[in-house]
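This report concerns only the one structure given below.
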Amino acid sequence: DSGVTQTPKHLITATGQRVTLRCSPRSGDLSVYWYQQSLDQGLQFLIQYYNGEERAKGNILERFSAQQFPDLHSELNLSSLELGDSALYFCASSDTGWNTEAFFGQGTRLTVV
Amino acid sequence: GENVEQHPSTLSVQEGDSAVIKCTYSDSASNYFPWYKQELGKGPQLIIDIRSNVGEKKDQRIAVTLNKTAKHFSLHITETQPEDSAVYFCAASSPTGNQFYFGTGTSLTVIP
């Protein structure tokens, strides 16, 4: 167990809908990362937060947004969902968020139908 | 941005043999290289990492080597066991150090 908790584990929703994925980092970790894993794209970095502030942005679509709350949990919001958004979404956390070990949660499997 | 290439994409070995997975990276400013193991239905699990000021690191049956000049690093698993079967990902940190670029993964099968 990495200590990173993601909910829900599975999500099935229709095209055009909006969903929220939640992540609780390991105790003491200030940084949260979001990654998307699909069969043809591998692990793609979406966005990173450190102590409530956005620190780095990757290939995150404009339809997606994220935030990190004062208690350090993070949410990834996906809107206007398309079939191609079906993927595994992982959250990872690390202490400083800079060249340090990152620990992954179990992921949320999103299926858009 | 950083580009990480990983080979091979699939690897089958007999139990007890060694397995080697190789990765190359493009940005010489990258200085942290973790390796992750992902089992079916689970998230990636950090198994070993290496920083650019070190050439080799070992942890029991797992070792990682780094050649900064050639910009490549490798994972070595000795005395493989069936429970080593999984997908392995290499990664390189971004020059700013706050995100990882992952390789495309190697599916390792250890045949009993």
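The values are calculated or read from the model by the stated rules, or taken from the named source; none is laboratory data. Every value quoted in this text rests on a predicted model; they were computed, and no experiment measured them. Neighbour counts run over all protein chains shown; Cβ positions are idealised from the backbone, glycine included. Surface accessibility is based on the protein's heavy atoms, side chains included, excluding ligands, DNA and RNA. Shrake-Rupley method; radii C 1.70, N 1.55, O 1.52, S 1.80 Å.
In region B:64-111, comparing the full protein assembly with the chain on its own, the residues that lose 20 Å² or more of accessible surface at a 1.4 Å probe are B:Phe89, B:Thr96, B:Gly97, B:Asn98, B:Gln99, B:Phe100, B:Phe102.
A 1.4 Å probe run over region A:1-108, with the rest of the protein chains in place, finds 48 Å² accessible per residue. Between A:Gln17, A:Gln48, A:Gln68, which gets the highest mean-square fluctuation from a Gaussian network model of chain A, Cα cutoff 10 Å? Comparing A:Gln17, A:Gln48, A:Gln68 in the GNM, the peak value goes to A:Gln17. In region A:33-47, the residues whose accessible area drops by at least 10 square angstrom when the other protein chains are added to the isolated chain are A:Tyr33, A:Tyr35, A:Gln37, A:Gly42, A:Leu43, A:Phe45; the probe is 1.4 Å and only protein heavy atoms count.
Looking at region B:1-58, which trypsin sites (Lys or Arg not before Pro) are DSSP coil and have at most 16 other C-beta atoms within 10 Å of their C-beta? Before the final figure, lay out the partial values.
On the way: sites: B:Lys22, B:Lys37, B:Lys42, B:Arg51, B:Lys57, B:Lys58; in loops: B:Lys42.
Loop-located and lightly packed - B:Lys42.
In square angstrom and rounded to 100, what buried accessible area do you get between chains A and B, total over both, with the probe at 1.4 Å?
Details: alone 6230 and 6120 Å², together 10710 Å².
When A and B are taken together, about 1600 Å² of accessible area is lost.
Cross-link partners for B:Lys71 among the lysines, with Cα-Cα distance under 17 Å and sequence neighbours closer than 8 places in the same chain left out: B:Lys22, B:Lys57. In whole angstrom, chain B maps to an equivalent ellipsoid with semi-axes of 24, 14, 12, each derived as √(5λ) from the alpha carbon gyration tensor and ordered largest first. Over all Cα atoms in region A:16-105, the spread is summed up by Rg and Dmax: 12.5, 37 Å. Per the Debye formula on identical point scatterers at the alpha carbon atoms of the protein assembly as shown, with no solvent, log10 I(q)/I(0) at q = 0.09 Å⁻¹ is -0.36.
Give the percent of DSSP beta bridges with both residues in chain B that are antiparallel, rounded to the nearest 5.
Values: 36 of 41 bridges.
Bridges in chain B are about 90 percent antiparallel.
Shape of region B:41-106 from its Cα gyration tensor (a ≥ b ≥ c, root eigenvalues): rounded if a/c is under 1.5, otherwise prolate when a/b > b/c, or oblate? The partial results should precede the final answer.
On the way: a/c = 2.14, a/b = 1.28, b/c = 1.67.
Verdict is oblate for region B:41-106.
Ignoring aspartates and glutamates fewer than eight residues from A:Lys9 along the same chain, the ones with Cα atoms less than 20 angstrom from its Cα are A:Asp1, A:Glu75, A:Glu82, A:Asp85, B:Glu39. Annotation: for a label point projected 7 angstrom from Cα along Cα→Cβ of A:Leu61, residues of region A:92-113 with backbone N closer than 16 Å are A:109-113.
Carbon and sulfur atoms: what percent of the 1.4 Å accessible area of region A:1-50 do they account for? Intermediate results must be reported in sequence, preceding the final value.
On the way: 1200 of 2530 Å².
Within region A:1-50, the accessible surface is 47 percent carbon and sulfur.
Quick one: compute the contact order of chain A, relative version, from alpha carbon pairs under 8 angstrom and 6+ residues apart, as a percent.
37
When the Gaussian network model of chain A links Cα atoms closer than 10 Å, the mean-square fluctuations of A:Glu101, A:Glu75, A:Glu54 top out at A:Glu101. Note on surface exposure: B:Ser12, B:Ser85 rank B:Ser12, B:Ser85 by accessible area, highest first, 1.4 Å probe. Counting only DSSP beta bridges with both residues in chain A, the antiparallel share comes to about 90 percent.
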